[in-house]
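Since the structure comes first, as structure tokens, the remarks are kept for the end.
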Amino acid sequence: MTNNGIGGSTAELELAKLTDMTSDVEAITEQEFSQRVNKAQAIMREHNIAATYVNAGTNLYYFTGTRWYASERMVGAIIPANGDIEYIAPHFEIDTLKQFMVIKGKVNSWHEHISPYQTFIDALANMGIKDGNIAIDESTAFFIANGIQQTARQLKLIDAKVVTAGCRMQKSAAEIALLQRAKDMTLEVHKAAARILREGITTKEVESFINEAHKRLGAPAGSYFCIVLFGEDSAYPHGVANPKALEHNDIVLIDTGCQLHGYNSDITRTYVFGEANQRQRQVWQDEKDAQLKAFAAAQIGQPCSVADKAARDFLCEQGYGPDYNLPGLPHRTGHGIGLDIHEWPYLVLSEQTPLANGMCFSNEPMLCLPGEFGVRLEDHFYMTENGPKWFTEPAHSIDDPFGYHAG
């Protein structure tokens, strides 16, 4: 290994060093799932919502602990403003669905030739709900919402974001602990990935290593996603069609993450394989300084927009942009994170949601220089009563990104 942790090792050696980091991790409890439902119901009563439908996916899991993936068949849960949760699913899935439930409930089912939307309406009627506002999980496919609306025009379908985001934006201590461990794992993967770099290595080789490294550390599915870019390719935030192999003095950009009990990590590191030139050094430092400006601006009670504005204003002062123009920052400064890798609220100029205790964000005001390279440094922070706190400390320097020689 080189003295800054970049290159000098092999995939085999680095994988052999990695051990499970999840043995002491605690999953979300049934009690916490129940508390989430209670909070949702309080929000619904406040906003005159008779019931909320949460579709298969992260919202269903968040409120019920039930893991199920969205498909062409309607599967979800009905949360009434008062009373017990009930489920809706195809009849042949009942026994399987019950195995995944944490919060138990009656399953309203239909056979394949019957309308699931009528089954949904009948379930509401049996709950005493025949009219009023029905909030639909915003991630629900249009065909489901449309099917419900066409079947029961007396119901008013509204966006469930006030309920879903209203509960999910502010994380509990248990959620923050899972997010912290997932990010700790991915940072270790980043360190190991940097050590295996060599001239001629392909992005696919690095991606494969990162996937296996996440598994070794305790993420069963490996990498949730992985972006590896070298040289000029790094100027494109989400990659290129035909990525190049690594050459000496190339910029290296690696963005990856994993899931732990459904909660996501998402960390990006950028550095040079070889010797950084003055241009690379300056842009890297501007990126880090913009990241720190966004972090400092994120204070309780301020709108989420302040973080984006702080980063963007600083970069404009350095000659980038202005606004979203290149060379500069072409996208928002950050996103919320939890069960979804990108979720509300967002660190963007239009977001006026006040920053509140428990909110969790990425901080990644990327600099893109078309025809040259790009630099993205992405770490995450969460809001405390005393202000923002890093999940992972920012990269130390372009020459020592992982802080091996930080004093």
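Where in segment 340-407 are there strands (runs of 3 or more DSSP E), lying fully within it, with 1 or more residues that are among the hydroxyl-bearing types (Ser, Thr, Tyr), in contact (Cβ under 8 Å) with a residue 12 or more places away in the chain and surrounded by fewer than 22 Cβ atoms within 10 Å (Cβ to Cβ)?
343-347, 379-384
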Candidates Tyr263, Tyr224 - the one that is closer than 24 Å to Gly338 by Cβ, out of contact with any Lys or Arg (no Cβ under 6 Å at 6 or more places or on another chain), aromatic (Phe, Trp, Tyr) and surrounded by fewer than 24 Cβ atoms within 10 Å (Cβ to Cβ): Tyr224
Search result, residues across segment 293-322 that are open to solvent by less than 50 Å² (accessible area, probe 1.4 Å) and among the aliphatic types (A, V, I, L, M): Ala294, Ala297, Ala298, Val306, Ala307, Ala310, Ala311, Leu315
In segment 199-221, the residues that are crowded, with 18+ Cβ neighbours inside 10 Å, aliphatic (A, V, I, L, M) and not in a helix (DSSP H, G or I): Ile201, Ala219
Condition check for Asn82: open to solvent by 80 Å² or more (accessible area, probe 1.4 Å) and modelled with pLDDT under 95: no
Output for segment 17-34, where each listed residue is surrounded by 12 or more Cβ atoms within 10 Å (Cβ to Cβ) and under 26 Å from Lys191 (Cα atoms): Lys17, Leu18, Asp20, Met21, Thr22, Val25
First in segment 102-113 and under 15 Å from Ile79 (Cβ atoms), second anywhere and among the polar types (S, T, N, Q) and surrounded by 17 or more Cβ atoms within 10 Å (Cβ to Cβ), Cβ under 7 Å, 6 or more apart: Val102/Thr64; Val102/Thr66; Ile103/Thr64; Asn108/Thr119
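Results for (1) more than 12 Å from Gly257 (Cβ to Cβ); (2) acidic (Asp, Glu), shown as yes or no for each residue.
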site: Ala177; (1), (2): yes, no
site: Lys183; (1), (2): no, no
site: Lys191; (1), (2): yes, no
site: Thr202; (1), (2): yes, no
site: Glu212; (1), (2): yes, yes
site: Ser223; (1), (2): no, no
site: Ala235; (1), (2): yes, no
site: His238; (1), (2): yes, no
Candidate set from segment 47-92 (those that are in a helix (DSSP H, G or I) and β-branched (Val, Ile, Thr)); member that is farthest from Asn146 (Cα to Cα): Thr64
Lone unmet requirement of (1) within 30 Å of Ser397 (Cβ to Cβ); (2) open to solvent by 80 Å² or more (accessible area, probe 1.4 Å) for Glu14: (2)
Qualifying positions in segment 266-292 - open to solvent by 30 Å² or more (accessible area, probe 1.4 Å) and closer than 15 Å to Tyr320 by Cα: Arg279, Gln282, Gln285, Lys288, Asp289
Number of the exception - Arg279 against (1) part of a helix (DSSP H, G or I); (2) touching a helix residue (DSSP H, G or I) at 6+ places or on another chain (Cβ under 8 Å): (2)
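The values are calculated or read from the model by the stated rules, or taken from the named source; none is laboratory data. Bear in mind that the values here come from a model prediction, so they are computed numbers and not experimental data. Reconstructed Cβ throughout: ideal geometry from the backbone, glycine too, with neighbour counts over all protein chains shown. These accessible areas exclude ligands, DNA and RNA; they are computed on the full protein's heavy atoms, side chains included. Shrake-Rupley method; radii C 1.70, N 1.55, O 1.52, S 1.80 Å.
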